[in-house]
1. Can you go through B:378, B:342, B:355 and tell me which one is within 14 Å of chain A (Cβ to nearest Cβ) and under 30 Å from residue B:74 (Cβ atoms)?
2. Exactly one condition in (1) at pLDDT below 85; (2) surrounded by 21 or more Cβ atoms within 10 Å (Cβ to Cβ) is false for residue B:90; which is it?
3. Could you check how many residues of the stretch A:197-231 are part of a loop (DSSP other than H, G, I, E, B) and away from chain B (no Cβ under 14 Å)?
4. Identify the residue in the stretch B:173-193 that is crowded, with 19+ Cβ neighbours inside 10 Å and out of contact with any helix residue (DSSP H, G or I) (no Cβ under 6 Å at 6 or more places or on another chain) and, among all such residues, is farthest from residue B:142 (Cα to Cα).
5. Looking at (1) assigned to a loop (DSSP other than H, G, I, E, B); (2) under 19 Å from residue B:381 (Cα atoms), find the lone condition where residue A:237 falls short.
6. If you take the residues in the stretch B:226-241 that are away from chain A (no Cβ under 12 Å) and closer than 24 Å to residue B:380 by Cβ, which one is surrounded by the fewest Cβ atoms within 10 Å (Cβ to Cβ)?
7. Exactly one of (1) more than 22 Å from the chain's Cα centre (by Cα); (2) within 30 Å of residue B:69 (Cβ to Cβ) is unmet by residue B:355. Its number?
8. Within the stretch B:151-198, which residues are within 12 Å of chain A (Cβ to nearest Cβ) and outside any helix (DSSP H, G or I)?
């Protein structure tokens, strides 16, 4: 039987964990970028370009894009606040990096099984807006500034529905630990039938919808991509970034999409849990199942991204404050009542 | 400083500007001359901005995200065509005016050639006129398909833009099959057309028109019926009918204000539009959504017109008898036609030589964007893009 050698020193464990998480971000970003940005979008929009390079299904396109970014000149505006400008992309990627720390991929495959995992994940994921604001301000560009300020306003509006949407899950599971939430779903039963456990999406449909909408806003994807707003702000806070720094933003964007998809898969779709599989086998199968669920959630996200036009900033605010937050509160109330009553 | 649009002017009056006129006039030079006020920000939209379809520069004074004043700066693409026409012969000029509104080049040629023909007293044969009509409508369809897609892009949806480009390609292929040029056909001759239609073209066109009608349905469901799109465009950039007419706004932009005016029906008949059964579409609202809706309907109408015109195509030559060296007798003539972007006209003054003495080009976009300073005040930055997109101008058509 496969037995993972875990009785190594804590320093080695930490190093291994760090490397795994560090690799997850670019890997996740690349997978999403390749599958959805290049392939799904090409199919949806009848684009020919990304389907061509390299022969088979345009597999070379992503490599080519990456090489292009690396060889581009690294331009920094003369007026820019140099240190802040250079550090901003790193902040964005770091916030993504921190989310991956708590997401479980198996019974033992989790870097840090925090008791307040949900809380932690949502808190660190919003750090990225600091990076966005830094980039917007330090670029010394009016378009960047508008983009940065829009991002800040958007975060304040959407952090709340995001957190409130998750509260329903936390109430139902009775724990804030992500591992605990997965186990609660695995051990649950639908009307006494425990064949597939009990994914919370069944009772938290509203919560899932709210989470997806709010996550879309957090990721600044259409229909909520005002901070980037290609056709108005020409890229918003990223306007002055070139080459490798731009690539960092790109990785941050798709890495965060991967992280949010992983969160949604864990919170609502049962995470790594496979019915009837326990122990080490779950550690092997878990990541695969989780990955499949992540891809499904990411598909929904990118589908919306490529279909909808962009809302205006004030319309987004009124959507958040007038609709999403009240609905989320009602959802919590109903969940609470049912939790106590049933 | 108020942020709402000013009230409508009285009859004959210009709109009242609430911004200090001196400040307003120098907006373009603000970056060099004027210190930034606290609170207001001057933003340069363009000349290198994706929403300006080329090189329109908009100097926008912003209070937060709200536009206090906007000033279009044009002329970045001035190519001096009016002057150039004075040193070219008549047949050479069609090459130039092809490039005024490069999306609907064929439609540009028609009024000029008609003006010259009228001065010379030549009548193009009926088949030539019908083919001209078909090709004009095809270029209208090509232009509007691009608009229907691009308008989605302006409000943030990428996918419709690609559909627009893809479907326009089918129509451009048809134009290429007849004229040999996708963008700049240069196909009109004084007295008719260069060639007849190629063999099998009628069937191809019928198929493509069915495709166009289909893709109009796609745009309707994908863009026009989209709740977010409606939210972004309804009651954004309302042009009141009288004001629009006062500014010289024409074409679909004016019909979207509820003015039932179409040169194809109401102007002098240079093309046999009266033989066809068709309808002038108007929309009472005058906002960005109305402009989108009207163009959507006109695309369908044009496709139906093409289908009808193909069925009633006359036989015969496509070229009248013309002298080998074209000299237009002394005289002046004004001809304007309904181009995709609006009223496009040429005032041709001839002194009896092989080239005109003077040509004044009235291009639609120039007048259409003249309303921008009035229209853009008090809106948000994203609405600026929506309005620019929905007015649908071509820079070559503004600057000439």
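The values are calculated or read from the model by the stated rules, or taken from the named source; none is laboratory data. A quick note: this is a predicted structure, and the numbers were derived from the prediction, not measured. Heads up, the Cβs are rebuilt from the backbone with ideal geometry, glycines too, and the neighbour counts pull from every protein chain shown.
1. After ruling out the rest, the residue left standing is B:378.
2. Of everything listed in (1) at pLDDT below 85; (2) surrounded by 21 or more Cβ atoms within 10 Å (Cβ to Cβ), residue B:90 misses just condition (1).
3. Final tally of qualifying residues: 6.
4. My answer is B:191.
5. (1)
6. The extreme case among them is B:235.
7. (2)
8. If the condition is that a residue be within 12 Å of chain A (Cβ to nearest Cβ) and outside any helix (DSSP H, G or I), then B:155, B:156, B:157, B:158 are the ones that fit.
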